[in-house]
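Input: a single structure, listed below in structure tokens.
The values are calculated or read from the model by the stated rules, or taken from the named source; none is laboratory data. All values reported here derive from a predicted model rather than from experimental measurement. Counting neighbours? That spans all protein chains shown, and the Cβs are built from the backbone with ideal geometry, glycine included. Note: accessible area is taken over every heavy atom of the protein model, side chains too, but ligands, DNA and RNA are not part of it. Shrake-Rupley method; radii C 1.70, N 1.55, O 1.52, S 1.80 Å.
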Amino acid sequence: MDDVEKKLQELGIELVSAPDPMANYVSVQKAGGLWFFSGAGPFVNGKPSMFGRLGENLTTQQGYEAARLAGINLLAILKRELGGDWSRLKQIVKVQGFVNSTNDFMEQPQVINGVSDLFGQVLGERGRHARTAVAVNTLPFGIPVEVEMIAAVEE
């Protein structure tokens, strides 16, 4: 589906290499037409690129950008698993966002909008999804955001 690649290009997003798992798990578990994606964070070239906690040393906007970068990594994994054939993607079904934040930080939904907005921009209606945005007191490597997703894919 050329429109996804065109939209990525318009947004200045290059889906270079999809990040590999960093422990004993797989990036995607496929159960028929539903694909369950492991958590992705704000990584660049396989390494965390943002650190911190929302409400402590990061702003909501910085969290939004971290979530957007996590979404870019999820799209890179999705593209790899689709073999580049975006036409097989039916729908992003669900997004779960985990925000490393202080007890008094209450803007987790605005942070996870970084990935939701990205999916809408790149995938249109197929990017609209159900969503959860929750606070956690820490994340691996000290990253501010981790995002999982479930996608419906044509088998």
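Using the structure shown, decide if residue 10 is charged (D, E, K, R) and farther than 22 Å from residue 141 by Cα. Lay out the reasoning, then the answer.
Details: charged (D, E, K, R): yes; farther than 22 Å from residue 141 by Cα: yes.
It is true that residue 10 is charged (D, E, K, R) and farther than 22 Å from residue 141 by Cα.
Yes/no matrix, rows are residues, columns are (1) at pLDDT 95 or above; (2) among the aliphatic types (A, V, I, L, M); (3) touching a Lys or Arg at 6+ places or on another chain (Cβ under 9 Å):
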{"residue": "23", "(1), (2), (3)": "no, yes, no"}
{"residue": "34", "(1), (2), (3)": "yes, yes, no"}
{"residue": "48", "(1), (2), (3)": "no, no, no"}
{"residue": "52", "(1), (2), (3)": "yes, no, no"}
{"residue": "61", "(1), (2), (3)": "yes, no, no"}
{"residue": "66", "(1), (2), (3)": "yes, yes, no"}
{"residue": "86", "(1), (2), (3)": "yes, no, yes"}
{"residue": "101", "(1), (2), (3)": "yes, no, yes"}
Filtering the range 41-50 for residues that are open to solvent by 90 Å² or more (accessible area, probe 1.4 Å) and assigned to a loop (DSSP other than H, G, I, E, B) leaves a count of 1
Part of a loop (DSSP other than H, G, I, E, B), open to solvent by 50 Å² or more (accessible area, probe 1.4 Å), in contact (Cβ under 8 Å) with a residue 24 or more places away in the chain and of a type in the set (A, V, I, L, M), is that true of residue 16?
yes
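Among 112, 92, which is the only one that is in contact with a His (Cβ under 7 Å, 6 or more places away or on another chain) and either modelled with pLDDT of 95 or more or within 16 Å of residue 146 (Cβ to Cβ) (or both)? Full working, then the answer.
Numbers: 112 fails: in contact with a His (Cβ under 7 Å, 6 or more places away or on another chain).
Matching residue, one of 112, 92: 92.
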Expected output for the range 121-137 (first residue touching a residue at least 40 places away in the same chain (Cβ under 8 Å), partner assigned to a helix (DSSP H, G or I) and open to solvent by 60 Å² or more (accessible area, probe 1.4 Å), Cβ below 7 Å, 6+ apart or cross-chain) is 121/7; 122/7
Failed item, numbered, when residue 111 is tested on (1) over 19 Å from residue 14 (Cβ atoms); (2) open to solvent by 10 Å² or more (accessible area, probe 1.4 Å); (3) of a type in the set (A, V, I, L, M, F, W, C):
(2)
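Which ranges mark the strands (runs of 3 or more DSSP E) fully within the range 69-155 that have 3 or more residues being closer than 22 Å to residue 22 by Cα? Full working, then the answer.
Details: elements: 89-100, 130-136, 145-153.
Output list reads 89-100, 145-153.
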Which residues, taken from the range 134-153, are open to solvent by 30 Å² or more (accessible area, probe 1.4 Å), within 18 Å of residue 65 (Cβ to Cβ) and under 14 Å from the mean Cα position of the chain (by Cα)?
146
How about the range 82-121: which of its residues are basic (Lys, Arg) and under 29 Å from residue 55 (Cα atoms)?
94
Name the residue that is farthest from residue 95 (Cα to Cα), counting only residues in the range 28-77 that are touching a residue at least 12 places away in the same chain (Cβ under 8 Å) and of a type in the set (Ser, Thr, Tyr).
49
Which of the residues belonging to the range 23-40 are open to solvent by 70 Å² or more (accessible area, probe 1.4 Å), among the polar types (S, T, N, Q) and not in a strand (DSSP E or B)?
24
